[in-house]
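Participant: One structure, as structure tokens, below. Some questions next.
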Amino acid sequence: MNVPLWVWFAVIGFILVMLIVDLVAHRKAHVISVREAAAWSAVWVFFGVAFGAIIWRFWGAEFGQQYFAGYLIEKSLAVDNVFVWAIIFTFFAVPREYQHRVLFFGVLGALVFRAIFIAAGSAIIASAGWVLYLFAAFLLFTGYRMLIQRNEHIDPSKSRALKLFRRYVPMTDAFHGQRFLIRKNGILLATPLLAVLVLVEVTDIVFAVDSIPAIFAVTDEVFLVFTANAFAILGLRAMYFLLADLIHRFVYLKIGLAMVLIWVGIKMALKIDVFYIPTPISLAVITTILTISIAASLIKTRGQERHEPPAPVEPPFRTADDAEIAALQPVWTRTRKVAATHGGTTGTSSAGRPAENPAAGPTIREDRAGDDRSADGDRQDTPRH
């Protein structure tokens with residue numbers, strides 16, 4: 001497949017433009033309704049399908065079918081991401097109006113990491129073709145593990161990434177709007193929203209380890225692997241807000257995803273030295289498995305209404321009030337030195353206090369009372385007589 005360099009730039013440029021449009025459209029924190037999520041989902045699916053039609057038109061049916069097979073695999077595996085995100089947001093009790101911002105940067109990071117994984121995977125396959133056997137074995141093992149552990153769910157409280165983050169990064173105990181960082185009493189602190197973002201990124205990296213080998217099973221073309229991933233991931237935010245309240249209804253989807261991974265693992269193992277399964281057959285098998293698993297799930301759970309995942313009885317974090325947010329200092333500020341009252345020079349924070357060295361460890365509790373501050377956030381010292 002010969003893809004001119006300008007086509008690569010055009011696709012990447014389009015993705016960046018759409019990300020900017022999405023960011024501008026959701027620049028104000030608000031709860032994403034089901035109707036809004038459905039509209040955005042339709043937009044992203046349209047772009048994904050339209051791009052596949054362009055591939056089919058200009059590069060032929062074989063490459064078009066490979067793109068759609070890869071797009072279906074990535075889109076279906078992405079549903080598992082959605083369920084994990086719902087569990088993470090529920091555990092942290094993240095207000096719904098702040099969730100889109102986390103997912104926007106989460107998806108942006110996912111695009112970057114997956115591009116790196118795709119480039120690395122392509123280079124490894126080109127230099128050592130035998131690695132395909134490892135990929136095939138890994139897909140078969142992953143599919144089997146997903147099948148036997150289909151009723152198990154991630155527990156964010158046991159996440160190593162979260163424990164490391166809270167150990168080494170000073171963090172406040174409250175959400176402060178959509179901010180990832182705040183400055184309180186001269187100390188730069190992470191908010192719980194940044195911890196959630198880190199956990200979202202880590203889980204996507206884990207999922208990418210499964211999905212990238214899976215798509216290489218249906219196409220060797222790096223351009224198709226990247227674009228199928230990109231267009232599938234771009235619609236994840238809208239898909240989350242559309243399906244987050246329905247995760248309890250997809251009772252057989254894990255089985256379907258496991259069967260898809262096992263199928264593509266078999267396909268990859270056979271195509272190396274035995275037999276190449278035609279792309280139309282592979283596409284039909286993937287579509288059939290997903291359709292049956294989704295339809296069976298909805299039939300099994302018919303009559304059940306939308307409802308959010310069960311929230312923790314005692315949320316681990318609170319939401320800062322307006323007074324606390326108003327008392328915050330600018331995040332990025334220069335540290336300046338002032339002469340101490342009784343000789344010497346003392347390093348101070350922008351709040352006029354001696355600079356502190358926060359110990360890495362538990363969440364830092366904030367002083368709600370705050371300080372007397374001038375309009376620029378500096379403490380006003382009372383003159384001595």
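The values are calculated or read from the model by the stated rules, or taken from the named source; none is laboratory data. Fair warning: this is a prediction, and the values are worked out from it, not measured in the lab. Here Cβ is always computed from backbone atoms with ideal geometry, including for glycine, and neighbour counts include all displayed protein chains. Ligands, DNA and RNA are stripped out before the accessible areas are found, and what is left, the full protein with its side chains, is counted by its heavy atoms. Shrake-Rupley method; radii C 1.70, N 1.55, O 1.52, S 1.80 Å.
Participant: Any chance you could look up the accessible area of residue 252 with a 1.4 Å probe, heavy atoms only, rounded to 10 Å²?
Facilitator: Looks like 80 Å² after rounding.
Participant: Between residue 296 and residue 24, what length in nm is gained on full extension when 0.36 nm per residue of separation is reduced by their alpha carbon distance?
Facilitator: Roughly 94.1 nm would be gained on extension.
Participant: Leaving ligands, DNA and RNA out of it, report the carbon-plus-sulfur percent of the accessible area of the range 24-158 at a 1.4 Å probe.
Facilitator: 69 percent
Participant: Moving on to the next point. Using alpha carbon centroids, what distance separates the range 200-232 and the range 1-42, in Å?
Facilitator: First find each Cα centre; the distance between them is then 18 Å.
Participant: Can you compute the charge dipole magnitude of the range 26-119 about its Cα centre, using +1 on each Lys and Arg Cβ and -1 on each Asp and Glu Cβ, nothing else charged? Give it in debye, rounded to the nearest 20.
Facilitator: Charge dipole, the range 26-119, about its Cα centre: 300 debye, nearest 20.
Participant: Over the heavy atoms of residue 36, what accessible area does a 1.4 Å probe trace out, to the nearest 10 Å²?
Facilitator: Result for residue 36: roughly 50 Å² accessible.
Participant: Could you sort 253-261, 87-95 so that the peptide with the highest average Cβ count within 10 Å comes first and the rest follow in order?
Facilitator: 253-261, 87-95
Participant: Another one. For Cα pairs less than 8 Å apart in space and 6+ apart in sequence, what is the mean separation divided by the residue count of the range 151-284, i.e. the relative contact order in percent?
Facilitator: Relative contact order here is 17 percent.
Participant: The range 32-147: percent of C-alpha pairs farther apart than 17 Å?
Facilitator: Beyond 17 Å sits 72 percent of the P(r) for the range 32-147.
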